[in-house]
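Taking it in order: structure first as structure tokens, then the write-up.
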Amino acid sequence: MKVLLVAVNAKYIHSNLAVYYLGKYAAKYKENIKIAEYTINHLPDEILKGIYQEQADVVAFSCYIWNIEMITQVVTELRKVQPEAKIWFGGPEVSYNAGECLRSIKALDGVIVGEGEQTFLELMEYYVDQKGTLDQIKGIAYKRRAQIEGEAIITTPARMPIPLDSVPFPYEDMERFRNKIIYYESSRGCPFSCSYCLSSIDKKVRLRSLNLVKQELKIFLDYKVAQVKFVDRTFNCNKKHAMGIWQFIKEHDNGITNFHFEISGDLLEDEEIEFLKTLRPGQVQFEIGVQSTNPETIATIHRKTDYSKLCRNVMRIHEGHNIHQHLDLIAGLPLEDYASFLKSFDDVYALRPDQFQLGFLKVLKGSFMEEDSSNHQIVYQDRAPYEVLMTDRLSYGEVLKLKGICEMVEVYYNSGQFRYSMEFLEHFFPRPSSLYYELSQYYERNGLNRIAHTRLKRYELLLDFYKEVVLKLIDQRESEKYTGAFEEILLLDLYLRENIKSRPGFAHKALDYSTMREVMDRLGIDRRNAHVEQFTYDVITACRMGQPIRKEVWIAFDYSQRDPLSKAAKMIIAAGK
């Protein structure tokens, strides 16, 4: 008897924690179990081929909103070429509509509902040892076929959650996960009740004991993995637990491993923030869900947020310049119209997060939002990921406008490649959201959003946008100076990220090598990994003030000393001759 656990991940660098948990929990059957991981970038036929070649008796898939359509396509064909195989689904995408899944997907035999470790172990006992019957296994739904009655769907009683310490450490062979993000959980459940989130269904938070967590994190640290991403829904909901982990990773820092935590920003207290400032720059990054700054929206989605405290804490963490902060907003929430969302955008943008994620509401099956959607006329896609199309406050046309803004934020803010250029351009628009909207419209008018652009081309496009849109807002008598300053600011951003070999068309003539070498020697910089650029404007001050300021300066870019958060080269500014 061979059982194949199949994961279809969003990216190659991801791994699927769920299938490794199942395999380890049922370790006594390890000779019968094999894990196969693919990505959504594989063709369905490639996945089908790989599964077929395994010739497994049971094939079980881990299902999420990003892979359910591809998996459904694969199992439909798998049933044709392996008619005797038993096909099972599990995961959040199928746990809350198991009966509907079984009725709509003819190839499917059963669904593991909810937490799967103990349930999968009992399925292994049933299939491998022929122990008991399916209806004795809690936490499943399956098809029962009979010659007379035909096909019936049986749902067994729900399974109680298991203690988190009973779940074994899933990473037996660390070499298998080289160059991949390591996913880890120290808790399950969430104490909050956000209506759009499935984690709110399990309000009882279960913690993995600190001693066990420390032993397991030590394995990652000793192996020097690049990143450990905690999947805890609100990592800092238990202060003692969070501080215990943060103190441990500080004491055992290997200078390499980065830890990602999803936290509630307004739960942080002074003691925690002061401690966090002592961590190695780049050792930790936070994802903080703001979702909206509209108080009515926050109340309607049952979210509890002290926004003023969240802002205060985000700014205080910024002061330490050692923690990457990723802030989220969700478009399409109840009681949030286009103007309200733009206000939320500007509010969060003012906090200057390192990453600014604009997401769109997903109406997940089993969430309270699914029940409540009709009250707000939320129209969403029938297929995964069930993304909002429009609401009673937000038209589909406005959703499209927000998607355009979102794309520009990804390119010109989240990339970190245009920090000073965007700061300069902000001065010519009434609010940040206006800048990104106008930029998205420029892309739309010129058909640029349907083309893949190189990084260098993005700089040229931003200069073209400046000439087509921004110059109209400037006194024409000053336009030459403003344009000259902006071209140099673009050059500043470009060299901050990379010591490019070929200069862009808008760049002035480069310094000759002997002058560059002389400046590097004077500043004590290693010539092998640095660049010096001569500017005729004080580009840094120009960005801050939004005005061209004539002043000859030299800026040296030292690529051997990059900022651990922004990855920008170290800048050394010197007065010109």
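Listed conditions (1) loosely packed, with under 15 Cβ neighbours inside 10 Å; (2) of a type in the set (K, R); (3) in contact with an Asp or Glu (Cβ under 9 Å, 6 or more places away or on another chain) are all met by K240, apart from (3).
Determine if region 187-201 includes at least one residue that is under 24 Å from the mean Cα position of the chain (by Cα), at pLDDT 95 or above and crowded, with 20+ Cβ neighbours inside 10 Å. Write out each step before concluding.
As a first pass, look at region 187-201 and keep what is under 24 Å from the mean Cα position of the chain (by Cα): 187-201.
Cutting the leftovers down to at pLDDT 95 or above gives us 187.
Filter once more, keeping what is crowded, with 20+ Cβ neighbours inside 10 Å: 187.
Yes: one or more hits.
For region 374-384, the criterion of being of a type in the set (D, E, K, R) and at positive phi is met by none of the residues. The set of residues in region 365-400 being in a helix (DSSP H, G or I) and among the hydrophobic types (A, V, I, L, M, F, W, C) consists of F368, M369, V399, L400.
Can you confirm whether region 236-248 contains a residue that is touching a residue at least 40 places away in the same chain (Cβ under 8 Å), in contact with a Pro (Cβ under 7 Å, 6 or more places away or on another chain), in a helix (DSSP H, G or I) and hydrophobic (A, V, I, L, M, F, W, C)? Scanning region 236-248, I find at least one residue that is touching a residue at least 40 places away in the same chain (Cβ under 8 Å), in contact with a Pro (Cβ under 7 Å, 6 or more places away or on another chain), in a helix (DSSP H, G or I) and hydrophobic (A, V, I, L, M, F, W, C), so the answer is yes. Check K277 against each of (1) under 11 Å from I323 (Cβ atoms); (2) among the basic types (K, R); (3) under 22 Å from the mean Cα position of the chain (by Cα) and name the one condition it does not meet. The single condition K277 does not satisfy is (3).
Any residue at all in region 326-342 that's touching a Phe, Trp or Tyr at 6+ places or on another chain (Cβ under 9 Å) and among the hydroxyl-bearing types (S, T, Y)? Let's see the steps before the verdict.
As a first pass, look at region 326-342 and keep what is touching a Phe, Trp or Tyr at 6+ places or on another chain (Cβ under 9 Å): 326-333, 342.
Now drop any that are not among the hydroxyl-bearing types (S, T, Y), which leaves none.
No, there is no match, as no residue in region 326-342 is touching a Phe, Trp or Tyr at 6+ places or on another chain (Cβ under 9 Å) and among the hydroxyl-bearing types (S, T, Y).
Considering region 548-577, and only residues there that are polar (S, T, N, Q) and in contact (Cβ under 8 Å) with a residue 12 or more places away in the chain, the residue that is nearest to L494 (Cα to Cα) turns out to be S566. From the list I256, I323, I249, I245, the lone residue that is over 30 Å from M369 (Cβ atoms), of a type in the set (V, I, T) and surrounded by fewer than 18 Cβ atoms within 10 Å (Cβ to Cβ) is I256.
Name every residue in region 302-327 that is part of a loop (DSSP other than H, G, I, E, B) and touching a strand residue (DSSP E or B) at 6+ places or on another chain (Cβ under 7 Å), in order of residue number. Break it down stepwise before answering.
In the first step, residues of region 302-327 are kept if they are part of a loop (DSSP other than H, G, I, E, B); the result is 302-306, 321-322.
Matches in region 302-327: R303 only.
Which of the helices (runs of 4 or more DSSP H) found entirely inside region 1-83 contain at least 3 residues meeting this: within 26 Å of V363 (Cα to Cα)? Talk me through it step by step, then tell me what you get.
Numbers: elements: 17-25, 44-54, 68-81.
Helices (runs of 4 or more DSSP H) meeting the threshold: 17-25, 68-81.
Here E407 does not qualify as modelled with pLDDT of 95 or more, in a helix (DSSP H, G or I), touching a Cys at 6+ places or on another chain (Cβ under 6 Å) and acidic (D, E).
Among the residues of region 51-69, is any at negative phi, crowded, with 16+ Cβ neighbours inside 10 Å and in contact with a Ser or Thr (Cβ under 6 Å, 6 or more places away or on another chain)? Looking through region 51-69, none of the residues is at negative phi, crowded, with 16+ Cβ neighbours inside 10 Å and in contact with a Ser or Thr (Cβ under 6 Å, 6 or more places away or on another chain).
Criterion applied to Y482, Y495 was being in contact with a strand residue (DSSP E or B) (Cβ under 7 Å, 6 or more places away or on another chain) and closer than 28 Å to A575 by Cβ, and the one residue passing it is Y495. Looking at the structure I just gave you, is S344 more than 26 Å from P92 (Cα to Cα), surrounded by fewer than 18 Cβ atoms within 10 Å (Cβ to Cβ) and of a type outside the set (F, W, Y)? The answer is no for S344.
If I ask for residues that are out of contact with any Gly (no Cβ under 8 Å at 6 or more places or on another chain) and surrounded by 17 or more Cβ atoms within 10 Å (Cβ to Cβ), which ones from region 356-367 would you list? Break it down stepwise before answering.
Residues of region 356-367 out of contact with any Gly (no Cβ under 8 Å at 6 or more places or on another chain): 356-359, 362-367.
Answer for region 356-367, where residues must be out of contact with any Gly (no Cβ under 8 Å at 6 or more places or on another chain) and surrounded by 17 or more Cβ atoms within 10 Å (Cβ to Cβ): F356, Q357, L358, K362, V363, L364, K365, S367.
Surrounded by 15 or more Cβ atoms within 10 Å (Cβ to Cβ), in a strand (DSSP E or B) and outside the structural domain of A18 (by TED's automatic domain parsing): does that describe G282?
Details: surrounded by 15 or more Cβ atoms within 10 Å (Cβ to Cβ): yes; in a strand (DSSP E or B): no; outside the structural domain of A18 (by TED's automatic domain parsing): yes.
Considered against the rule, which asks whether it is surrounded by 15 or more Cβ atoms within 10 Å (Cβ to Cβ), in a strand (DSSP E or B) and outside the structural domain of A18 (by TED's automatic domain parsing), G282 comes out as no.
The sole residue among Y29, Y25, Y52, Y64 that is more than 26 Å from Q118 (Cβ to Cβ), in contact with a helix residue (DSSP H, G or I) (Cβ under 6 Å, 6 or more places away or on another chain) and touching a residue at least 12 places away in the same chain (Cβ under 8 Å) is Y52.
One residue alone among Q417, Q357, Q381 is touching a strand residue (DSSP E or B) at 6+ places or on another chain (Cβ under 7 Å) and within 29 Å of I323 (Cα to Cα), and that residue is Q357.
Is it true that some residue in region 327-335 is buried (at least 22 other Cβ atoms within 10 Å of the Cβ) and within 16 Å of F235 (Cα to Cα)?
Within region 327-335, the first condition is being buried (at least 22 other Cβ atoms within 10 Å of the Cβ), and the residues that meet it are 327, 329-334.
Within this subset, residues satisfying the condition of being within 16 Å of F235 (Cα to Cα) are 327.
Within region 327-335, one or more residues are buried (at least 22 other Cβ atoms within 10 Å of the Cβ) and within 16 Å of F235 (Cα to Cα).
Once region 75-100 is narrowed to residues that are touching a residue at least 40 places away in the same chain (Cβ under 8 Å) and not small (G, A, S), the residue that is surrounded by the most Cβ atoms within 10 Å (Cβ to Cβ) is E93. Return the only residue of E115, E151, E125 being in the same structural domain as A26 (by TED's automatic domain parsing), in a helix (DSSP H, G or I) and either surrounded by 13 or more Cβ atoms within 10 Å (Cβ to Cβ) or over 34 Å from the mean Cα position of the chain (by Cα) (or both). It is E125. Only residues that are touching a helix residue (DSSP H, G or I) at 6+ places or on another chain (Cβ under 7 Å), aliphatic (A, V, I, L, M) and assigned to a loop (DSSP other than H, G, I, E, B) were counted across region 332-358, and they come to 3.
The values are calculated or read from the model by the stated rules, or taken from the named source; none is laboratory data. Please read these numbers as outputs of a predicted model, since none were measured by experiment. Ideal geometry is used to build each Cβ from the backbone, glycine not excepted, and the neighbour counts take in all protein chains shown.
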